[in-house]
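None of the figures in this text is laboratory data; all of them are computed from the coordinates on show. Computed from a prediction, not measured in an experiment: that's the story for all the values here. Here Cβ is always computed from backbone atoms with ideal geometry, including for glycine, and neighbour counts include all displayed protein chains.
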Amino acid sequence: MDKNIKFKQLANARVNKAINTIKLIGNLSNKSIYSYTDTQSKQIISALENEIKVIKNKFSNTKNNRDRREFELE
């Protein structure tokens, strides 16, 4: 299979999955269902923004060897 065709197939599936998951994370902002602090919401947003930076660096061929860990609220 052509590498670009495979890339497009995987990119479409993975990006759509990520978008749907981000929408689910957004549902956590409903204060009538959930209770959270401003610090916790900032941690979530920061973690997502940091991963977007990592993706940008990968696509621009910028090397970033930072230690990555799973997200967990403090």
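Straight-line reach from LYS23: taking Cα to Cα under 15 Å and skipping same-chain neighbours fewer than 8 places apart, the aspartates and glutamates in range are GLU49. Counting only alpha carbon atoms, the long axis of helix 38-59 and the longest principal axis of the chain meet at about 10°. Calculated [222 nm] ellipticity per residue, helices only, for the chain: -22500 deg cm²/dmol; basis is -39500 (n - 2.57) per DSSP H run with n ≥ 4, divided by all residues, nearest 500.
Step through the table entries LYS3/LYS53; LYS31/LYS56; LYS3/LYS56, compare each Cα-Cα distance with 23 Å, and write down the pairs that go over it. Long pairs (Cα-Cα over 23 Å): LYS3/LYS53; LYS31/LYS56.
If the only charges are +1 at each Lys and Arg Cβ and -1 at each Asp and Glu Cβ, what is the size of the charge dipole of the chain around the Cα centre, to the nearest 20 debye? Intermediate results must be reported in sequence, preceding the final value.
Numbers: 15 positive and 8 negative charges, 98 e Å.
Once rounded to the nearest 20, the dipole reads 460 debye.
The long axis of helix 3-27 is offset from the longest Cα principal axis of the chain by roughly 0 degrees. Assign one of three labels to segment 5-44, namely rounded, prolate or oblate, based on the Cα gyration tensor with a ≥ b ≥ c the square roots of its eigenvalues; rounded applies when a/c is under 1.5, prolate when it is not and a/b is larger than b/c, and oblate otherwise. Verdict is prolate for segment 5-44.
Rounded, prolate or oblate: which fits the chain when a ≥ b ≥ c are the square roots of the eigenvalues of the alpha-carbon gyration tensor, with rounded for a/c under 1.5 and prolate only if a/b beats b/c? Since a/c reaches 1.5 but b/c is at least a/b, the shape of the chain is classed as oblate.
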